[in-house]
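In what follows, a single structure is set out as structure tokens and then discussed.
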Amino acid sequence: MKQSGTVDSKASSNPLTESDEVENEGTTSSRYSLWNFWVCSFALKLLLIPDYYSTDFDVHRNWLAVTNKLPLKQWYYEHTSQWTLDYPPFFAYFEWIISQFVPQVVRDDGCLDIVEIGKFGEPTVIFQRLSVITSEILLFVVLQWFINTSNVKERTQSFIVATSIILSPGFLIVDHIHFQYNGFLFSILIASIVAAKQKRYILCAVFYTTALCFKHIFLYLAPCYFVFLLRAYVLNVKGFQFKSYKDLVRLVQWTNLFRLAGVVLSIVGVCFGPFIFDMPQLLTRLFPFSRGLTHAYWAPNFWAIYSFTDKVLTTLMLKLPYVHTLATRFISAPFFPATIKEIQKRLSEDNNGTKGLVQDVYFIVLPQIVPKLTFILTLFYQLLAVIPLLFDPSFKRFIGSLTLCGMASYLFGWHVHEKAIMLVIIPFSFLVVCDRRLLSSFMLASSAGYVSLFPLLYENQDFLIKCFYTYIWCVIYFFSFRKTTKLSSSVERRIFFFDRLAIIYIVSLLPMVFTVQILNLLKGRYAILQKFEFFGLMTYSFYCSIGIVSSWVGLSWLYNFDEPLWMTNE
Amino acid sequence: MAGKNKIPKKDLSSQKKSGKTKETSKKHDIPEESFYASPLYDLLYPFRPAGSQWMTEYTIVLFSLIIRCAVGLGPFSGYGVPPMFGDFEAQRHWMEITQHLPIHKWYWFDLKYWGLDYPPLTAYHSYICGKIGSFFNPNWFALDSSRGYEAQDLKTFMRLTVLVSEALFYIPGVVYFVKWLGKHRRQSPIGQFIAAAAILLQPSLILIDHGHFQYNSVALGLTVYAINNLLDEFYAMAAVCFVLSICFKQMTLYYSPIFFAYLLSKSLFTPKLFNIPRFLAIAIATVCSFLLMYGPLYVFGGDQGLNNVLQSIHRIFPFARGIFEDKVANFWCVTNVIFKYKMLFTQQELQLYSLVLTVVGFLPAMMIILFYPKKYLLPYALSACSMAFYLFSFQVHEKTILMPLLPITLLYTSTDRNVLSRVSWMNNIGLFTLWPLLKKDGLTLQYWVCLLLSNWLIGNFSFITPNFLPKVLTPGPSVSMIGENYHYRSLLPRNIFWKVIIVLSYIAMGAIHVLDAFVNPPVAYPDLWVILNCTLGFGCFFLFWIWNYYKLFSMIKKSLHHL
């Protein structure tokens, strides 16, 4: 198996590596260019301009108006529109810069009016869409940098990773149809990953802090960056011997520490400095704890499974009372409704109270979830992911723990947005080329993650585009990854059964998506289907969450128990 | 299959190297890869190894479907223009009447408001689409009350029907055609798929079908099926497919002389004299499929049966509508600037003259096919014949350019750069003549994106990138690998005369676009830019047609490898 694997990858991997006589011509560095991909995707993105856009479009338009029309002090106080500014100041500066380029036609169109609900037409749409496309160029630049600086031997892999990211359906769906600036924001994060790969730690810290000051969701990755930089850059464990507590002072490389702290603090200072007297207001905007456990519909994380279980149990116990009697033998009152009556009472309360507002989820059978619990769970799993990094600060470990940190926050976080899956998939793309055994986990996470974005584009006209695009992305990249990645060691430990299961799961995503869509279409015809308004969304989030949770389990297993995988050859 | 293809690929690469050093490699036993050093080549290059080739087909088909979907997001003809709307409303209206009215009323119902004027297969197609649509939402196709209905979901549904029809008829036909040629000319698989991608991304068809809204791909796809059957020597099937194609859209009659000559010649002269069984098979197949198509009109027409059939035929050929309607890049419209035909001659005279000119135009091609029914002559003959119809016949629409463009575009399978360059030139000019129409539909963005993307993909802009991009970004493997003195930086023929013509026509195209965008036409001639557009289009079509004939004559004694 191993033999055939290597032969296979050599013979049929990207042929670019094979043509030795060409490599000697000295054009190696120029061969892996993202230029063609940029032109192609640019054309497609232009065609998507007239497509549907979400309320996020008006959100960003409002921010353009706020930053352009108001003095800096008022940016975080302005609340004419309900779409208040809730990104960190760097992003506000970014919006301000964009707003400087708004041409007169677009101004007249109402792009820069501070109003409750934006009134704008085609010029604004074109301008804002183009601003997304333009700002995304940074992603191409960063990834080209990544390719050009990577090892000649790994260049094919790097090229595949880079193109898989720039062609990612996630960016296409979220940025170019739904409307956001993720491509631009993630390019900064990717820059920090590339810097980490090159062991340029200061640069890594600079990029990460900048990214953080653009979008605070990257805070979820902070533990990993903190430990990585601490261990790799600040601490000096080589030749360290503990004799007394005084020795601990020598453990720390003080110049590095001050350099790092200086850089990080100065970036944070530039970012938040102008708002120093408005910090409390700014922080309430950035961290709105008043929101519910799950977002408007359920992001496919652990809580989706949890509430699905709750729904199933409720129905089950109401239909079959003896299930309840059986359960009460093992679980007692505070964690569990004592009688069927109480279940019915809770159910009616739920129906009367918060049916319209999906903001807060109320569990009927299972215990309620409080924010504190989600934070404890997230931190706990992040800690587990970070500890190995403390012993071995290699790039592989770092990127692995980054992925796991993203996963932990996505799976257990409070008010997680389905778009946050990019936080998992992007680091994972850098990781997956290390070993083929990671591939099935990656396939699960990316396919389920991208499919879980589908409900964002609920209009029928986008259905085929999102399906075709995601499908072809999956086909191309799953196979390219399979061809270019190697099995590093210990094939015997590979459990084939789960791989087959993963394939079955991924293939069944297709009928799932199509069934939900067809049921949706038939709603106009059969009134009974309207009762199951949320059925489609529930199916999506439950099914996708299974994939993502299993991907997390698989990755965690490999991360914690498969030592050879993480060994570096250096 | 994969193993068999390995051999020519190796020959190819060695040959490519020698060709590069010697620079001239005119005599090929095995064709050079078409579109070498184009972005399309570079993008599909990673799929070259045998294990990955199957992915290429997926990629090109899905990518072309995605582009079609994305173009479909734009507006359609007649969007929000009451009372008559446009082609979208016409198609929707036909779905409405075919499913609500009995067959004998189809060709009679309210003829003023988009009365059905396409052959019966279109009507049956509309009937099926309408039935499916009504299943989801009966309001879309409610009789009379649904006129001018333009809701988002209806648009999505209609776009979907075009997409599905194209995916059923056009795309498999083209892919099969390309594969057949590739197999018989020992072309590398990746070369085949590159050609297929170039054909599938032909911008005119995408924009008319998925932007403007029509079902041309069905008629064209059936024609390609017919061609494929000719290639495989299933003559009766070819006749059936072609009849179906005519019964979908009468415009495919432009190809009929060639099909007629080919089938006749195959059953009467070659390879043996008077192949009666084959002749009978073709004749019976043709008659039966016509009967099948028109039968329902007769049978369900009651006592008016024959009248019904005649009415449908009468509706299809609207001679009363004049020699041309809108501005179109053909002989009559362009020379009408000087000679006002409608004043000089009567309708009947004009019909006669146009008939004579058309027959003179296509007769040589038909004769060649009659005496040399060779497979590799088919695309040239079809394009010469249909172009003759386009240039000289009666009542031509600007959209009809799609008919000559189909065989021309199929020539993307050629490996000769001189041919490829002219084909891409024709595609650009063809799309350019559609510009006034697309502009009216509000498809400006889609027009530019498709025009530029298709040209860029096949390498028409390759002369720009290596000069203007930093070395780090030099696109793609092939462009990086070719030497500094690589001859072909873009698709232009070798001949200096043609080079000048093509470049000049592109410059004129650009100039007309600039005028159209920024300068108001003089008050006396409000259509001046459109006339200029048509004149340029006509000139280029005519020149191409002449070259096409030259090519047809010079190809007679050659083989499939010289296509």
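Read the figures in this text as sums done on the coordinates, not as results from a lab. Treat the numbers as computed from the prediction; the structure is a model and nothing was measured. Note that we place each Cβ from the backbone using ideal geometry, even for glycine, and neighbour counts take in every protein chain shown.
For the Cα atoms of chain B, what angle does the longest principal axis make with the long axis of helix B:347-371, in degrees from 0 to 90, nearest 10?
That helix lies at roughly 40 degrees to the long axis.
If amide H atoms are built 1.01 Å from N in the plane of the peptide, which residues on other chains or at least 5 residues away come under 5 Å of the amide H of A:Gln180?
Under 5 Å from the amide H of A:Gln180: A:Asp175.
Apply the Karplus parameterisation 6.51 cos²θ - 1.76 cosθ + 1.60, with θ equal to phi minus 60°, to every residue of the range B:162-167 and state each ³J(HN,Hα) to the nearest whole Hz, in sequence, with x for glycine and proline.
For the range B:162-167, the Karplus curve yields 5, 4, 5, 4, 5, 5 Hz.
How well do other chains shield peptide A:474-483, expressed as the mean number of their Cβ atoms within 10 Å of each residue Cβ? Could you put the intermediate results ahead of the total?
Details: counts 0, 5, 7, 0, 0, 6, 4, 0, 0, 4.
Averaged over the peptide's residues, the number is 3.
Quick check of the Kirkwood formula: for the range B:241-364, what is the inverse mean of 1/r over all pairs of different Cα atoms, in Å?
Mean inverse Cα-Cα distance, inverted, gives 17.6 Å.
Show the residues, 5+ positions off or on another chain, whose built amide H is closer than 5 Å to the amide H of B:Val396.
B:Glu325
How much net charge surrounds A:Gly118 when only the other residues with a Cβ under 12 Å from the Cβ of A:Gly118 are counted, with Lys and Arg +1 and Asp and Glu -1? It would help to have the intermediate numbers written out before the result.
Details: positive: A:Arg61, A:Lys119; negative: A:Asp56, A:Asp58, A:Asp109, A:Asp113, A:Glu116.
Every neighbour counted, the sum reads -3.
On a 32 Å Cα-Cα criterion, which of the cross-link pairs A:Lys311/A:Lys523; A:Lys45/A:Lys486; B:Lys155/B:Lys342; B:Lys131/B:Lys183; A:Lys199/A:Lys483 come out too long? Before the final figure, lay out each step's value.
On the way: A:Lys311/A:Lys523 23 Å; A:Lys45/A:Lys486 34 Å; B:Lys155/B:Lys342 39 Å; B:Lys131/B:Lys183 41 Å; A:Lys199/A:Lys483 28 Å.
In this structure, A:Lys45/A:Lys486; B:Lys155/B:Lys342; B:Lys131/B:Lys183 exceed 32 Å between Cα atoms.
Counting only helical runs of four or more DSSP H residues, what would the 222 nm mean residue ellipticity of chain B come to if each run contributes -39,500 (n - 2.57) and the total is spread over all its residues? Walk me through the intermediate numbers first.
Numbers: 25 runs with 362 residues, N = 563.
Helix contribution divided over all residues of chain B: -21000 deg cm²/dmol.
Based on DSSP H runs of at least 4 residues, each adding -39500 (n - 2.57), what is the mean residue ellipticity at 222 nm of chain A after dividing by all its residues, to the nearest 500 deg cm²/dmol?
On the way: 27 runs with 358 residues, N = 570.
Rounded to the nearest 500, it is -20000 deg cm²/dmol.
Going by how many other beta carbons lie within 10 Å of each one, how would you line up A:Ile173, B:Ile501, fewest first? Walk me through the numbers before you get to the answer.
Numbers: A:Ile173 22, B:Ile501 19.
Exposure proxy ranking, most exposed first: B:Ile501, A:Ile173.
Sort B:Met555, A:Met422 so that the residue with the fewest other Cβ atoms within 10 Å of its own Cβ comes first and the one with the most comes last.
On the way: B:Met555 18, A:Met422 27.
Going from sparsest to densest Cβ surroundings: B:Met555, A:Met422.
Could you sort the peptides B:297-307, A:277-287, A:128-138 by per-residue average Cβ neighbour count (10 Å cutoff), highest mean leading?
Working: B:297-307: 15.3, A:277-287: 13.5, A:128-138: 18.7.
Result, highest mean Cβ count within 10 Å first: A:128-138, B:297-307, A:277-287.
Convert each backbone phi in the range B:519-534 into a coupling constant with the Karplus relation 6.51 cos²θ - 1.76 cosθ + 1.60 (shift: θ = phi - 60°), then list the ³J(HN,Hα) values in order as whole Hz, x for Gly and Pro.
10, 6, x, x, 4, 5, 10, x, 9, 4, 5, 5, 4, 4, 3, 5
What shape does chain A take by its C-alpha gyration tensor, where a ≥ b ≥ c are the square roots of the eigenvalues and a/c under 1.5 counts as rounded, a/b above b/c as prolate, and the rest as oblate?
Since a/c stays below 1.5, the shape of chain A is classed as rounded.
Which order results if A:Val234, B:Val523, B:Val500 are arranged by neighbouring Cβ count within 10 Å, fewest first? Before the final figure, lay out the partial values.
Values: A:Val234 19, B:Val523 6, B:Val500 11.
Final ranking by Cβ density, sparse to dense: B:Val523, B:Val500, A:Val234.
On C-alpha positions alone, give me the angle between the axis of helix B:53-72 and the longest principal axis of chain B, in degrees, nearest 10.
50
With θ taken as phi - 60° and the coefficients 6.51, -1.76 and 1.60, list the Karplus ³J(HN,Hα) couplings across the range B:256-264 in order, rounded to whole Hz; mark glycine and proline as x.
The phi angles translate into 4, x, 5, 4, 4, 4, 5, 5, 4 Hz.
Return the FRET efficiency for the residue pair B:Ile556, B:Gln152: r is the Cβ-Cβ distance, R0 is 56 Å, and the value is rounded to the nearest 0.05.
Working: r = 54 Å, r/R0 = 0.97.
The pair B:Ile556/B:Gln152 has a calculated efficiency of 0.55.
Give me the Debye-computed log₁₀ of I(q)/I(0) at q = 0.04, 0.06 Å⁻¹ for the protein assembly as shown, equal point scatterers on Cα only, no solvent, two decimals.
-0.25, -0.56
List every residue whose amide H lies under 5 Å from the amide H of A:Leu235, counting only residues 5 or more places away in sequence or on a different chain, with H placed 1.01 Å from N in the peptide plane.
For A:Leu235, whose amide H was placed from the backbone, the distant partners under 5 Å are A:Gln253.
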